[in-house]
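The values are calculated or read from the model by the stated rules, or taken from the named source; none is laboratory data. This is a predicted model, so every value here is computed, not measured. Quick reminder, even Gly has a Cβ in these numbers, built from the backbone with ideal geometry, and neighbours come from all protein chains shown.
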Amino acid sequence: MKITTIGLDLAKEVFQIHAVDERGKLAQKKKLKRKEMSTYFANLEPCLIGMEACGSSHYWARGLKSMGHTVKLMAPQFVKPYVKTNKNDAADAEAICEAVTRPSMRFVGAKNVYQQTILCLHRARRLLVTAKTAQANQIRGLLAEFGIVAPQGIKTLRDRIPDILEDAENELIPEMRELIKVMDERLKDMIEDVEALDLKIKLSNERNEMIAELMKIPGIGPLTASAMVATIGDFKEFKSGRELAAYLGVVPRQHSSGGKQNLLGISKRGDGYLRTLLIHGARAVIRFAESRQEKNDWLVGLIGRRNKNIAAVALANKNIRIIWAMMTRSERFDPAHISHAPIPA
């Protein structure tokens, strides 16, 4: 019985497979240990393998593709409706096998080593930025217990700490002064680590000409351009810029019924980190537009009609569509470009 499709449920040590033949009949159902994976699939004739896009899925996708198999990754939320019984490894593998054969299924592109490395830099940086902010807030909160109100902003706080430690009139005893000093040193190390990661991301950007071109778009900086290219990979997997914008969650949610259209706030689907970078970049452009340093009649008019939050999301949406057009057509950014609706045949 020839195996044509396999649903593979990934894990750390024990993997579950559900294999079917060309008629969709069960051909094999078994568990594999991690050390058995390579041998099993290397001895198998090329077939379609479905997996959920989760931890280590891109690693296994690269390995299985090198053996001649066709590998497709799917978002876990798209696989869940195909689970017929209670959740277990065998049911998950069967659901994956069923979902990967659906013609309307949406797939996730497998990332190469370079893309994963860049995304690891971004993830590490994001964690350090969060820890840095938490450390600064803790210092500010502890000082408040002694009646010392520290200023807002991490740089301003660090500039103030030496004066606070040298002030003999406050209530800080030697043990507390030593604690604040240690926490300040830890905060300094975090700031230096973030700056080092920023430099690594900037150096990696210099190897990619398209990233440099994307940075010419107002609101797209080195972090956003790098994360966008590494996260999306092949932009041609999306049929249009609007589809990419929907994937990143900056289009309205719908709750429509009976022919009546009801649009809500943005869906917030997809990568929250990338969406945050895009919207924060748009906010920076809005600040310049308000001071007339940035001449953008469309954006100035939008700010005049709607509030800044809506304008920021709208600009982020527009930038996503520009990025899709540039990446799929290998075009350079033209600030004077005027879009035209397609002429009906």
Exercise. Those residues that are surrounded by fewer than 17 Cβ atoms within 10 Å (Cβ to Cβ) and more than 16 Å from Ala61 (Cα to Cα), I need them from the stretch 5-31; list them, please.
Key: Glu13, Val14, Asp21, Glu22, Arg23, Gly24, Lys25, Leu26, Gln28, Lys29, Lys30, Lys31
Quiz item: Of the residues that make up the stretch 193-215, is at least one part of a loop (DSSP other than H, G, I, E, B) and in contact with a Ser or Thr (Cβ under 9 Å, 6 or more places away or on another chain)?
Solution: yes
Quiz item: Could you list, in sequence order, the residues of the stretch 90-113 that are in a loop (DSSP other than H, G, I, E, B), surrounded by 17 or more Cβ atoms within 10 Å (Cβ to Cβ) and of a type in the set (A, V, I, L, M)?
Solution: Val100, Ala110
Exercise. Give the number of residues within the stretch 246-275 that are surrounded by 14 or more Cβ atoms within 10 Å (Cβ to Cβ) and assigned to a helix (DSSP H, G or I).
Key: 5
Quiz item: Is it the case that the stretch 296-310 has a residue that's closer than 22 Å to Ala230 by Cβ and either outside any helix (DSSP H, G or I) or in the same structural domain as Leu214 (by TED's automatic domain parsing) (or both)?
Solution: no
Practice problem: Could you grab me the full set of residues in the stretch 176-195 that are more than 18 Å from Ala225 (Cα to Cα), aliphatic (A, V, I, L, M) and under 24 Å from the mean Cα position of the chain (by Cα)? | Solution: Met190, Ile191
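Here is a yes/no grid of residues against (1) out of contact with any Lys or Arg (no Cβ under 6 Å at 6 or more places or on another chain); (2) part of a loop (DSSP other than H, G, I, E, B); (3) touching a residue at least 24 places away in the same chain (Cβ under 8 Å); (4) under 22 Å from Glu195 (Cβ atoms):
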residue	(1), (2), (3), (4)
Gln115	yes, no, yes, no
Arg126	yes, no, yes, yes
Ala131	yes, no, yes, yes
Gly147	yes, yes, yes, no
Gln152	yes, yes, no, yes
Quiz item: For the stretch 46-64, how many residues meet the condition of being among the charged types (D, E, K, R) and over 17 Å from Cys97 (Cα atoms)?
Solution: 1
Quiz prompt | strands (runs of 3 or more DSSP E) enclosed by the stretch 14-74 - at least 3 residues per element that are within 16 Å of Asp89 (Cα to Cα) and in contact (Cβ under 8 Å) with a residue 24 or more places away in the chain | solution = 14-20, 26-33, 48-52
